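Have a look at the structure below before the remarks.
Every number here is computed from the coordinates shown, using simple stated rules; none is lab data. What you are looking at is a predicted structure, and each value in this text was computed from that prediction instead of being measured. Every residue, glycine as well, gets a Cβ built from its backbone with ideal geometry; the counts of neighbours run over all protein chains shown.
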Amino acid sequence: MIDVRSQHIEVSSERRQFPRLEFRCTALFGHLKDVLKVTDLSLNGLFVEVRDKSGLDPGRLVSLAIKFPTEEKAVLLKAKIANVNKRGVGCHFVDLAPKTSAAIKNCFETFRDTLPVR
């Protein structure tokens, strides 16, 4: 007989379907006046450092303007706040136009070989 009571099985709480890059660029939330720092990016979302998180609750839809280094102009998009922690908010992209999706993919593909992927 095998005693499994002393064995620990780690179960990941990771729910991401897409790898993400440790990535830095600037962003504006439609309702905030501060320029924010994006700290990671995936094809499906991003994480933004935010000091004042009032009104940034999970599930809220926000408008973002992001200046990707691979694009001439800022990319405008919508995202849903997925989580909020001490550092900021994680956002999931929603209703992306094909042009916006292509800009995100272009940026991700350009930097995926030069920046750490998690």
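Things worth noting here:
- Ratio of Rg to Rh over region 20-111 (Cα coordinates, Kirkwood Rh, two decimals): 0.92
- Dipole magnitude of region 20-111, debye to nearest 20 (Cβ charges: Lys/Arg +1, Asp/Glu -1, about Cα centre): 180
- Spatially near lysine pairs across region 40-115, Cα under 23 Å, sequence gap of 8 or more or different chains: 15
- Once C-alpha pairs closer than 8 Å and six or more residues apart are averaged by separation and normalised to the residue number of region 20-111, the relative contact order reads 26 percent.
- Near the amide H of Arg112, within less than 5 Å, lie no amide hydrogens of residues on another chain or at least 5 residues away, with H placed in the peptide plane.
- Backbone HN-Hα couplings from phi across region 58-64 [Karplus 6.51/-1.76/1.60, Hz, Gly and Pro as x]: x, x, 6, 8, 10, 9, 10
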